[in-house]
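Here is the structure we will look at, set down as structure tokens.
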Amino acid sequence: MPLISPTHKIEEKNTAGKLYVVATPIGNPDDITLRAIRTLGEADYIAAEDTRKTGKLLSYHNIKGKLVSCHEHNEASRAESLIEKIKTGAMVALVSDAGTPSVSDPGYRLVQAALKNNIRLVPVPGVSAAISALSVSGLPTDTFTFVGFLPKKSSKRNERLEALENEAGTLIIYESPKRILQLIDDIIGIMGDRPGVLSREMTKPFEEFIRGHMSEISQSLIKRNAVKGECTLLVSGNIKPENISFESLFESSKEIEKQLEVPGMTPSVLARKIANEYGLSRKKVYEKILIIKEK
């Protein structure tokens, strides 16, 4: 018996007055659920982040739907008109360019507007770049923190990284290929040279996973003419060796003073060595070493 048949309807025919939040592929157009295809095919309106990109996906799956734009620049005003359509019985499906709407993508305002108007929200789950990358990372998956995109401004980004420094779970960060090297450098400076994975162009022809410490991932990228494609960076959580704390390492300054006497051992080099060995912030270790040196 065919999977999609009258006895296997994903939704009842009476689907009016609801907002469907539909996950779409992050690259490979075949990574879409049967339920998502049915929902998009039955929707009266499809609210899309980019109507051109969504139009290509619909065409690939032979779906004909009325597309309306709903992106970060018009979402507030568009939400009002879409809510009115739903109130009059229209079925609206919300999609983003890739993955799940409102997760580091437009859609949050429309979802909020629907809740305020007592409109039923229906999730149609599917692909998520964060979970896809985590599943093959080899890093702990029992606890993780989804960070999404960090602030573009350096000072704000570093503040956020410092706040995340002591998180024990795996960190999942989205970043532009233009800023990924700077992000990795900031992570090393604040959190130390932790293990991690950079996933690039997931589910696409040039899919790649670069594994190793942050410095090793950085060196791999530096050797290239350019870094291209969507990037998801996973960073190991703060797992310090047992009974080791920042304070205990510096209870006595004699060892630090002794290390600084070694030829070529500058405060910067020593800070990197200690930070990497104990999974500490290079910045904080460096500041402590300078204080000991001055004394």
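Using 0.36 nm per residue, how much length does the chain from LYS254 to LYS56 gain when fully extended, once their Cα-Cα distance is taken away?
Gain in length upon complete extension: 64.7 nm.
Indicate the gyration tensor shape class of the chain (rounded, prolate or oblate), computed on the Cα atoms with a ≥ b ≥ c the square roots of the eigenvalues: a/c under 1.5 is rounded; otherwise a/b larger than b/c is prolate and the rest oblate.
In terms of gyration-tensor shape, prolate.
Take the Cβ-Cβ distance between GLU208 and VAL122 as r, set R0 to 30 Å, and report the resulting FRET efficiency rounded to the nearest 0.05.
Here the calculated transfer efficiency is 0.30.
Would you grab the residues whose amide H sits under 5 Å from the one on HIS213? Only those 5+ places off in sequence or on another chain, please, with H modelled 1.01 Å from N.
Placed amide hydrogens put GLY196 under 5 Å from HIS213.
Which peptide among 106-119, 260-273 comes first, and what is the full order, when sorted by highest mean count of other Cβ atoms within 10 Å?
On the way: 106-119: 16.6, 260-273: 13.1.
Ranking the peptides 106-119, 260-273 by packing returns 106-119, 260-273.
Under 5 Å between amide hydrogens, which residues at least 5 positions from LEU94 or on another chain qualify, with H placed 1.01 Å from N in the peptide plane?
Answer set, sorted by chain and number: TYR20, VAL21, VAL22, ALA47.
Is the stretch 6-127 rounded, prolate or oblate when judged by the Cα gyration tensor, a ≥ b ≥ c being the square roots of its eigenvalues, rounded requiring a/c under 1.5 and prolate requiring a/b larger than b/c? List each step's numbers first, then the result.
Values: a/c = 1.62, a/b = 1.13, b/c = 1.43.
In terms of gyration-tensor shape, oblate.
Short version: ³J(HN,Hα) in whole Hz for each residue of the stretch 126-142, in order, from phi by Karplus 6.51 cos²θ - 1.76 cosθ + 1.60 (θ = phi - 60°), x for Gly and Pro, what are they?
3J(HN,Hα) across the stretch 126-142, in whole Hz: x, 5, 9, 4, 4, 6, 4, 5, 4, 5, 10, 6, x, 8, x, 10, 5.
Checking the a/c ratio against 1.5 first, then a/b against b/c, what shape does the Cα gyration tensor give for the stretch 140-295?
On the way: a/c = 2.23, a/b = 1.82, b/c = 1.23.
In terms of gyration-tensor shape, prolate.
Quick one: net charge of LEU139's neighbours, Cβ under 12 Å, K/R +1, D/E -1? Before the final figure, lay out the partial values.
On the way: positive: ARG194, ARG211; negative: ASP142.
Net charge around LEU139: +1.
Can you list residues whose amide H is under 5 Å from CYS231's amide H, if they're 5+ apart or on another chain and H is modeled 1.01 Å from N?
Amide H neighbours of CYS231, under 5 Å, 5+ apart: GLU175.
What is the chain's relative contact order, in percent, from Cα pairs under 8 angstrom and six or more apart in sequence?
On the way: 490 pairs, mean separation 47.5, N = 295.
So the answer I get is 16 percent.
Coordinate-derived values only; no laboratory data. Being a predicted model, the structure only gives us computed values, none of them experimental. Note that each Cβ is placed from the backbone with ideal geometry, even for glycine, and that neighbours are counted across all protein chains shown.
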